[in-house]
Structures are given as structure tokens and as C-alpha cells.
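The values are calculated or read from the model by the stated rules, or taken from the named source; none is laboratory data. Only a predicted model underlies this, so the values are computations on that prediction, with no experimental measurement involved. Cβ coordinates were reconstructed from backbone atoms using ideal geometry, including for glycine residues, and neighbour counts include every protein chain displayed. When the accessible area is computed, the model is the full protein with side chains, heavy atoms only, and any ligands, DNA or RNA have been set aside. Shrake-Rupley method; radii C 1.70, N 1.55, O 1.52, S 1.80 Å.
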Amino acid sequence: MMLRKWCLVLLTCLLFTSAARAQLVIEVTSGADKLLPIAIVPFGYNGTDPLPQDVAQIVQDDLVRSGLFKAIPRSSMLSQPSKLSDVYYRDWRLLKADYVLIGSIKNISGDRYRVGFQLLNVLTQKPADDYTTIDVTKNHLRDAAHYISDAVFKKLTGIRGDFSTRILYVTEQNAESKHPLYKLQVADADGYRPQVIVESDEPILSPAWSRNGRDIAYVMFKNMRPRIFIQELATGKRKQIMSFKGLNGSPAFSPDGKKLALVLSKDGNAEIYTLDLATQKLERMTHNYAIDTEPAWGPKGNSIYFTSDRGGNPQIYRLDIKTKKVERITFEGDSNYRARLTPDGRFLVCIEKVGGDFHIAVQDLKTGRVKILTHTDLDESPTISPNGTMVMYATTENGKEILAVVSVDGLVKYKLPSTDGEVREPAWSPYFN
Amino acid sequence: MSVNKLGKFAVVGLSAAWLAGCSTTGANTDASTATTATNEGTATTEQAAPADTDKSATYAANQDNSVTSVVDNQQDKAKTSKSMLDGVATVFYFSFDKSIVRPDAQKALQIHAKYLIANPEEHVILEGNTDERGTREYNMALGERRAKAVARYLEIQGVPASQIETVSFGEEVPVAFGHDEKSWQLNRRVDLRYEK
């Protein structure tokens, strides 16, 4: 009997390890100068079934990953209150915490749980926000945690949190064999809960979100020819929308969701087109013998930023949709590729080639100032979080492709290493609500 | 990467050196790169190549080709059988961010052209590839440009466009997996495949 129990424990451990191995792990490699000290107290729980998630720990990981917070370690907590009446502010002042988050989880029926939480200000010795509850099923405790992270982040920084958003990315297994396996996956922004959307033995690239987060577009090879697909995430229903001779690539949904910018070479060489999703009408946007590719919509939808080597080297250009006027945007480094814009339109993030290295660079479109954000040398595919503060990108570490994140101000960096083959082509979702 | 591939590369490199040595039409940056490659046993970077001059070189090179390569159709018919392709290179290498058909590729391409002209039922697929550097979609376009450069070379030799198909794999289908110039050079290539 005893032995069987141990076997079960062992088996469970094994299962957990293999599940964890498939997920991305966060490492904060550097943080901002002034971190806000906060204590996230383990949440109280009245149930008997063990909870699948440590909600307080997820909240703590979220906040620490933002690079703006420093968490008081659980081991140094003098008490672990879960309701306001049990809180002794002086305990937290001793630990130099500016804020304390307390919470509790109650099993309300079947697999439904009520998660309550409150943020407290140690300096004023008063609640910093109202007591809030959310009801979730067992499977959604992680969503509850991200919801709490968003609420705390918003309260303390004034910025909308992006902890409840998701990422698309492509993995390649058996990369060096004759039978590589490509998977388009979606996961929480922290890399947890990965789900495979598409699996193929031919390359997948350029995943992109629609602005409401319901549909995605991507490029997948079929019979070794690139094709563009649009797929509804919830149902898995997908449509091949582009299969011209030559290139079919770089899909990008317009901010109003009505158009898709893309790249075709049906008229001779790589040019940018827009496809009206309702009428299926194609409109050619660029006319140049050079490579024109990697379209990214300006946040208002009235311009398209793109990569072109019309000036000799690849640089970022901006096309005014109404006037069709094209203007060069980047001038620093040897060349610049694949622009992405922050939601406020203030910053352009791209890949800048300096010497033989490829870094993430950010250009202030108001002042023209350029800052190199990374010091790794094979960076690609930058994608910006919906609150405009973080850039996720693909890079290579010890010969392996991984995802990493750097803040737009360059102060915060973390990596999402994975053991699940090569990881690349991240695309950060919009807000879902 | 396989030893086989390396061997093939060495052969291509050697002929490049020979061609560069014989060349009287002055220094094409590509030729000089290939020469260094042979000397060191590895391919070299081509960062030294100024990009602006290269573009004009493309057109110049192609014009040169159209002049020098009047196809000799009076050749013995026996020489247009498939055996004439034995040992002829089917992989053609490029410099970083360049799509110029290197001089060392021309001899092999002229033989392929001769074969295709003599066998109109034959078709080739030209698969353009890039190294892993730079962005994936830009590399898709660059791979296509390389495939088209080889296609144009064959067309100038007289091969009907209907016998040629170009496709780009960008950086998605490498043959060498290192993150160094040696691997990158092997991946910056156009593969020529016959398909009925």
C-alpha cells in the first residue's frame, strides 16, 4: 500500500517535470534601478482538495518580471495574514515593504472558487484599493492570478498591465534532422499553458494577431511553397487566403481589422499589398524593383512602415496610405529591418545591423534618437506588448533559438528559455477585453 | 554539416580561385571573396564589400554574360544527354545580402543551360536560400531574388522561362547548422533541381 502511494507520487512528479519542461521559464537578468518593494502573502485557502496553482506566487512572478517590483521573500515574512484584521503593518515596515497584497481562496461549489484580494499601503497603514473578488473554475485560477497582477500593476504604476495577454510563437523540433517538426503555439505571456495551434513538417513563420485577438494569420509552407492562412483561434477553422506564385508573406492586420497588409511577388518582386478582408480586393502599395517587405501598420492605420533595400541597404520606410508618399525613417547602423510601432506611435522598434551583429533597436520618432536595447548578436522578430512597455524577440543562446524580452526603455531584461526545440517568431497579443 | 557538402564546397571554391585568377575583367568583390575562401579553407565574411557598388555590378555582370555566352548550339548532340550533367555543380553560393551570380557558378550554369535548351521537356526548380542572419521575411525576399538571379542567368543563355521555376525558402531550410561564417556561407545558396 505504502509502496503504491510512493509510486503514485513519483509518477506525479515525473508528469509534472515533463509538463514543466515543455514550458518557457522566466529569468530576470537585470532590473530597473529603483524597485518597489512589495510583499505578496500566500493566499489563504479553506478547501481540502489541493489547489493546482499557487495564485500568490503567480502574481509575484508577474510583478517581478515587469522589472518594477522587488518581492519580499516568503521565508522572511513574520506573519502570513489573509484578511485585513490580521495585518500588523509594523511587521511589514520592518521588512521594508511599501505595499502588501493579501488574499484568500474559497471553494464555493464543485470546482468553482472565489478569489478575494486587497492591496495595502504600509506607509499610510491603509488599504490602497478596494477589496475585490473574482469567481473562477479550477482551470482558470491562473487567469485569476494574472487578473490580480493587472489590477495591482495598474494601481501602483498607472499603466495597464499585460499579464493577461498571450503570445504566439513557432517551435521547431529535430531542427538538424531530415524530419523537422514545426508547431505554431499560443501561451500565456509568461510562457505557461502552451497549446499547439498548428503542427506541420514544413516551415511556419510570421504569426500575427488580429486586433480583437480572435483570429490569427501566419505563413506556412505547403509542398514547399509559402502560403498565408487566417485561422480562428477558438474553433481552429482556417482559410488559405494567399497562394500566388512566388512570395506570400508578412501578414499584418490593420488597426480597424478590415485589411491585411502582406507581401507578394506575383508582379515580379517583393511588393507590399493590402487585402480588403470583406471584398477580397488586393491593392498594391509599393512599386519598386527593390525588396519591399515586413509591413507594420502605424497605430492609426494611415501609414505602413516597411523594410526596403531601395537605397542600397535594407532600411525602414514609411508609406502614407492616402498620398502613397514614401519616406525613409532609419539612418543609423548598417541596415534596419522589421519595424514594429508602440501603440502610441511614439517609438519604432526594429532590428538594427551594426557590423556583423543584429540587435533590437528603438527609435524615438519624435526626436529621432536611436538606442540599441540588446547586446546579443542574432536578434530577430521584435513584437511589442499591448501596453507598449516591453519588446519580446527571438535570439540565439548557446546555439539555440530562444525568446527574450527587453523593456522599451532598455532597463529590464528577461529570457524565456525552453527545452522544447528551437523557439522563434513571437507575436504578442492585443488586450482581449 | 556533412563532409560530403564540405567537399563539394571546396571544389566550387577551387574553381572560383581558378576563375578569379583567369579573370581579366577586374575585381568583382564576389570573386575575391571566393578566393580567400579557398585559401583559408573556410568562407569569409563579405562585410568589406560595399553594398552600393555591388548593385551596379549585378547588372554589369549580367550584361557581360549576355555578350560572352552565345550558346554553342552546334555541339555534338550526344553531349546533350543527361550524362553531360555528371559532376556539374547544382549548388551556387552567394555573399551576404547579395544576389549576384558569382563567376565560379557560371561554367556550371552554362552546362545546365545547354542541357535545358537541348531537352525542352526538362524543368528546373531554383530554390533560393539565405543564412540565418537578418529577419525571416526579408530573407524570404532575398532568397527569391537569388533564385531569380540564377534564373535570369539561364534565360540569358537561351533557356525558355517556361522551363524554370523559382522558389524561396528564405532562412528556413539550412544545410549547415552552425552559427558561424562557415555555416552561413553554405546556407547562402541556390539549389538547382531537375523535375520532370
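Take residue A:274 and tell me if it is away from chain B (no Cβ under 14 Å), touching a residue at least 60 places away in the same chain (Cβ under 8 Å) and open to solvent by less than 70 Å² (accessible area, probe 1.4 Å).
Numbers: away from chain B (no Cβ under 14 Å): yes; touching a residue at least 60 places away in the same chain (Cβ under 8 Å): no; open to solvent by less than 70 Å² (accessible area, probe 1.4 Å): yes.
When the stated conditions are applied, residue A:274 does not pass them.
Across segment A:189-205, what is the total count of residues that are open to solvent by 10 Å² or more (accessible area, probe 1.4 Å) and either within 18 Å of residue A:431 (Cα to Cα) or of a type outside the set (A, V, I, L, M) (or both)?
8
Which of the residues that make up segment A:277-308 are within 13 Å of chain B (Cβ to nearest Cβ), in contact (Cβ under 8 Å) with a residue 24 or more places away in the chain and part of a loop (DSSP other than H, G, I, E, B)?
A:286
Which numbered condition trips up residue B:148, out of (1) at the interface with chain A (Cβ under 10 Å from one of its Cβ atoms); (2) farther than 19 Å from residue B:100 by Cα; (3) open to solvent by 50 Å² or more (accessible area, probe 1.4 Å)?
It fails just one condition, (2).
Can you report the number of residues in segment A:394-414 which are assigned to a strand (DSSP E or B), farther than 24 Å from residue A:151 by Cα and more than 12 Å from the chain's Cα centre (by Cα)? Step through it out loud before you land on a result.
Of the residues in segment A:394-414, the ones assigned to a strand (DSSP E or B) are A:394-397, A:400-407, A:413-414.
Then drop every residue that is not farther than 24 Å from residue A:151 by Cα, which leaves A:394-397, A:400-404.
With more than 12 Å from the chain's Cα centre (by Cα) added as a condition, the list becomes A:395-397, A:400-402.
Qualifying residue count, segment A:394-414: 6.
Need a quick list: strands (runs of 3 or more DSSP E) entirely within segment A:203-247 having at least 1 residues that are within 14 Å of chain B (Cβ to nearest Cβ) and closer than 17 Å to residue A:266 by Cα. Before the answer, list the steps.
Working: elements: A:204-209, A:215-222, A:225-232, A:238-242.
Where strands (runs of 3 or more DSSP E) fall fully within segment A:203-247 and carry at least 1 residues being within 14 Å of chain B (Cβ to nearest Cβ) and closer than 17 Å to residue A:266 by Cα, they are A:215-222, A:225-232, A:238-242.
Among the residues of segment A:318-351, how many are in a strand (DSSP E or B), open to solvent by 10 Å² or more (accessible area, probe 1.4 Å) and within 13 Å of chain B (Cβ to nearest Cβ)? Lay out the reasoning, then the answer.
At the first step, the residues of segment A:318-351 found to be in a strand (DSSP E or B) are A:318-320, A:326-328, A:335-341, A:347-351.
Next cut, open to solvent by 10 Å² or more (accessible area, probe 1.4 Å) only: A:318, A:320, A:326-328, A:338, A:340-341, A:347.
When the remaining residues are screened for being within 13 Å of chain B (Cβ to nearest Cβ), the result is A:338, A:340.
Result for segment A:318-351: 2.
With respect to residue A:397, is the statement that it is among the acidic types (Asp, Glu), touching a helix residue (DSSP H, G or I) at 6+ places or on another chain (Cβ under 9 Å) and within 30 Å of residue A:173 (Cα to Cα) true?
On the way: among the acidic types (Asp, Glu): yes; touching a helix residue (DSSP H, G or I) at 6+ places or on another chain (Cβ under 9 Å): no; within 30 Å of residue A:173 (Cα to Cα): yes.
Answer is no for this residue.
Pairs under 7 Å by beta carbon, first residue part of a loop (DSSP other than H, G, I, E, B) and open to solvent by 10 Å² or more (accessible area, probe 1.4 Å) in segment A:47-67, partner modelled with pLDDT of 90 or more and of a type in the set (Lys, Arg), six or more apart or different chains?
Close Cβ pairs (under 7 Å, with a partner that is modelled with pLDDT of 90 or more and of a type in the set (Lys, Arg)) amount to A:52/A:138; A:53/A:142.
Can you list the strands (runs of 3 or more DSSP E) lying wholly within segment A:83-159 that have 2 or more residues being at pLDDT 95 or above and among the small types (Gly, Ala, Ser)? Break it down stepwise before answering.
Working: elements: A:99-109, A:112-121, A:132-137.
Output list reads A:99-109.
Does at least one position in segment B:122-129 carry a residue that is of a type in the set (Gly, Ala, Ser), touching a helix residue (DSSP H, G or I) at 6+ places or on another chain (Cβ under 6 Å) and surrounded by fewer than 19 Cβ atoms within 10 Å (Cβ to Cβ)? Even if it seems obvious, please write down each step before you answer.
Of the residues in segment B:122-129, the ones of a type in the set (Gly, Ala, Ser) are B:128.
Remaining after also requiring touching a helix residue (DSSP H, G or I) at 6+ places or on another chain (Cβ under 6 Å): B:128.
Filter again for surrounded by fewer than 19 Cβ atoms within 10 Å (Cβ to Cβ), leaving none.
Among the residues of segment B:122-129, not one is of a type in the set (Gly, Ala, Ser), touching a helix residue (DSSP H, G or I) at 6+ places or on another chain (Cβ under 6 Å) and surrounded by fewer than 19 Cβ atoms within 10 Å (Cβ to Cβ), which makes the answer no.
Is it the case that segment B:172-188 has a residue that's more than 23 Å from residue A:381 (Cα to Cα) and at the interface with chain A (Cβ under 10 Å from one of its Cβ atoms)?
First pass over segment B:172-188, keeping only residues more than 23 Å from residue A:381 (Cα to Cα): B:182, B:186.
When the remaining residues are screened for being at the interface with chain A (Cβ under 10 Å from one of its Cβ atoms), the result is none.
So far as segment B:172-188 goes, no, none of its residues is more than 23 Å from residue A:381 (Cα to Cα) and at the interface with chain A (Cβ under 10 Å from one of its Cβ atoms).
Under 8 Å between Cβ atoms, at least 6 apart or on separate chains: pull out the pairs that start in segment A:246-271 with a residue that is closer than 26 Å to residue B:151 by Cβ and end on any residue that is assigned to a loop (DSSP other than H, G, I, E, B) and of a type in the set (S, T, N, Q).
A:246/A:265; A:247/A:265; A:271/A:265; A:271/A:286; A:271/A:288
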